[in-house]
Amino acid sequence: LKNALSGTRMTVHARSSNVYQVLDGDDPFASFGGVSMAIRAVDGSTPEVMISNIADSAKAAQETLERFMGREMRSRYLNPEWIKAMQEEGYAGAKMINQVVGNMWGWQVTVPEAVDDAKWNEMYETYVKDRYQLDMEAFFRDAGNLWAYQALMTRMLEAVRKGYWEADNEVVADLGRKVSALIEELQIQCTAEDCHDPIL
């Protein structure tokens, strides 16, 4: 396998529909991102990671994962209309928002070059600072899924802790306060067996 992967300069994944993108599920980063990560492990550097965007056959094009993901974020997850639609879905909508952040983390680890500080900052501003004034914390609370909100912010802190996101000190402090308050409220107790990140 190492011999087969070594020397690979580019990995390519096709997207033939606008229904599914690269952040709405874990398969893309687990498989496509996983291959790119394996090549980095063998050769010491990540290959160029490209998306063959053939959703519109008349405008088929190759584009970088970073560009493809950025457009997906702007059109969906940073778009107040998409967020409002998720809010209408209650518990499931809260779960989906958390999953998107979790999937971005998956790309962060497998293809670090595709997820920069700006993407984390945008997610933080949208869902934690509530820049669209959509009462995000109240939404998660009313949806009965405050755990998803706590998990979303914990994932952000983990990105900082592991050196992927160079967040401002004020951002880290804000996340720390909010996560601590939710842990106290939800009575979450972590052990090495039943908590995703007992160190954090």
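The values are calculated or read from the model by the stated rules, or taken from the named source; none is laboratory data. No experiment lies behind these values; they were computed from the predicted model shown. All Cβ positions, even for glycine, are placed from backbone atoms using ideal geometry, and neighbour counts span all protein chains on display. For accessibility, only protein heavy atoms count, side chains too; no ligands or nucleic acids. Shrake-Rupley method; radii C 1.70, N 1.55, O 1.52, S 1.80 Å.
Tabulated results
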| quantity | calculated |
| --- | --- |
| The range 51-93: number of residues that are touching a residue at least 24 places away in the same chain (Cβ under 8 Å) and either more than 21 Å from the chain's Cα centre (by Cα) or over 18 Å from Asn103 (Cβ atoms) (or both) | 10 |
| Any hit, the range 133-142, residues being within 14 Å of Ala159 (Cβ to Cβ), in contact with a helix residue (DSSP H, G or I) (Cβ under 9 Å, 6 or more places away or on another chain) and either part of a helix (DSSP H, G or I) or open to solvent by 30 Å² or more (accessible area, probe 1.4 Å) (or both) | no |
| Filter result (touching an Asp or Glu at 6+ places or on another chain (Cβ under 8 Å) and either surrounded by 20 or more Cβ atoms within 10 Å (Cβ to Cβ) or not in a helix (DSSP H, G or I) (or both)) within the range 117-128 | none |
| Number of the condition not met by Gln99 [criteria: (1) touching a residue at least 24 places away in the same chain (Cβ under 8 Å); (2) touching a helix residue (DSSP H, G or I) at 6+ places or on another chain (Cβ under 6 Å)] | (2) |
| Which numbered condition Lys2 misses (of (1) farther than 13 Å from Thr110 by Cα; (2) basic (Lys, Arg); (3) in contact with a Pro (Cβ under 9 Å, 6 or more places away or on another chain)) | (3) |
| Elements of type helices (runs of 4 or more DSSP H) in the range 7-112, at least 2 residues being buried (at least 19 other Cβ atoms within 10 Å of the Cβ) and polar (S, T, N, Q) | 91-110 |
| Residue check for Ala151: without any contact (Cβ under 8 Å) to a residue 40 or more places away in the chain, buried (at least 16 other Cβ atoms within 10 Å of the Cβ), part of a helix (DSSP H, G or I) and small (Gly, Ala, Ser) | no |
